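Comments concern the structure below.
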Amino acid sequence: MSVSSPNVAQMLNQRYDMLCRVYRNDCDPVTHRWRERTGLRESMNAFFAWLGHLPNPNGPRTIIDLSQYIADSVNVNQNKQNAVATLTFTHPDAQFAADFLSKVVKTTNDYIKLQNRDIQRRYVENLTESAGKTTNVEQRQAIDTLLLQEERQYMLTEVDVPYAAQIMDGPTVVPMDIARRMLVIYALIGTLVGAGLAACRSLLPRRWLP
């Protein structure tokens, strides 16, 4: 599950205005205007960007910034034996941390579902078309079997249930270093492996693939 995908970041921002919320020190939540970033480090970055004819690094934040923030901040530890992953996210604001991690997991799940819905729809359409053109009885039976499997997979993308992952426990706020007053959020998610989907696709002749 790619929680740091730019497409996931785009969906997060569209749904929850997450770019401005993450970089709230630089963004006005009412007007959504970005404040100018100043300081020695920012000035040096701007100078080197000017030398290299690169875009201003101190300009408004972009979806790539949000994607990189998630990649740097959300740590995913996958247990290969039981397909359970532990997500950790450290932030000084406990309420924001819990809300942010929950939204990242939900949005990633929804994005994967939308992507697979389109893929499954095309597989069902192609198999239906192939079945209508096939006169060989054995081949028609094989196509019908594959079509039934693909239709079941397609139906899973149409219902409002966890698709790519399901939250098992969390998010839970746990205090860490009291001196720094940092917090860590733990969320256990059970990953639903699409082995059946992959197996079905591997059986399809190339001429049936979109």
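The values are calculated or read from the model by the stated rules, or taken from the named source; none is laboratory data. Treat the numbers as computed from the prediction; the structure is a model and nothing was measured. When we count neighbours, we look across all protein chains shown, and the Cβ atoms used for this are built from the backbone with ideal geometry, even at glycine.
Which one of these is closer than 20 Å to residue 21 by Cβ and in a helix (DSSP H, G or I): 70, 143, 112, 119? It would help to see each step written out before you state the result.
Numbers: 143 fails: closer than 20 Å to residue 21 by Cβ; 112 fails: closer than 20 Å to residue 21 by Cβ; 119 fails: closer than 20 Å to residue 21 by Cβ.
Residue meeting the stated conditions: 70.
Determine, yes or no, whether residue 75 is assigned to a helix (DSSP H, G or I) and polar (S, T, N, Q). Give the derivation first.
Working: assigned to a helix (DSSP H, G or I): no; polar (S, T, N, Q): yes.
So residue 75 does not fit the description; no.
Would you call residue 14 free of Cβ contacts under 8 Å to residues at least 24 places away in the same chain, assigned to a helix (DSSP H, G or I) and surrounded by fewer than 17 Cβ atoms within 10 Å (Cβ to Cβ)?
Values: free of Cβ contacts under 8 Å to residues at least 24 places away in the same chain: yes; assigned to a helix (DSSP H, G or I): yes; surrounded by fewer than 17 Cβ atoms within 10 Å (Cβ to Cβ): yes.
Against the criterion (free of Cβ contacts under 8 Å to residues at least 24 places away in the same chain, assigned to a helix (DSSP H, G or I) and surrounded by fewer than 17 Cβ atoms within 10 Å (Cβ to Cβ)), residue 14 qualifies.
Are any residues in region 127-140 assigned to a helix (DSSP H, G or I) and either farther than 27 Å from residue 109 by Cα or at pLDDT below 75 (or both), and if so, which ones?
Looking only at region 127-140, we keep the residues that are assigned to a helix (DSSP H, G or I), and these are 127-133, 137-140.
Selection gives 128, 129, 130, 131, 132, 133, 137, 138, 139, 140.
From the list 154, 186, 163, 123, which residue is at pLDDT below 50 and either in contact with a helix residue (DSSP H, G or I) (Cβ under 6 Å, 6 or more places away or on another chain) or surrounded by 15 or more Cβ atoms within 10 Å (Cβ to Cβ) (or both)?
Numbers: 154 fails: at pLDDT below 50; 163 fails: at pLDDT below 50; 123 fails: at pLDDT below 50.
So the residue among 154, 186, 163, 123 that is at pLDDT below 50 and either in contact with a helix residue (DSSP H, G or I) (Cβ under 6 Å, 6 or more places away or on another chain) or surrounded by 15 or more Cβ atoms within 10 Å (Cβ to Cβ) (or both) is 186.
Being surrounded by 12 or more Cβ atoms within 10 Å (Cβ to Cβ), part of a loop (DSSP other than H, G, I, E, B) and not aliphatic (A, V, I, L, M) narrows it down to one of 55, 60, so name that one.
60
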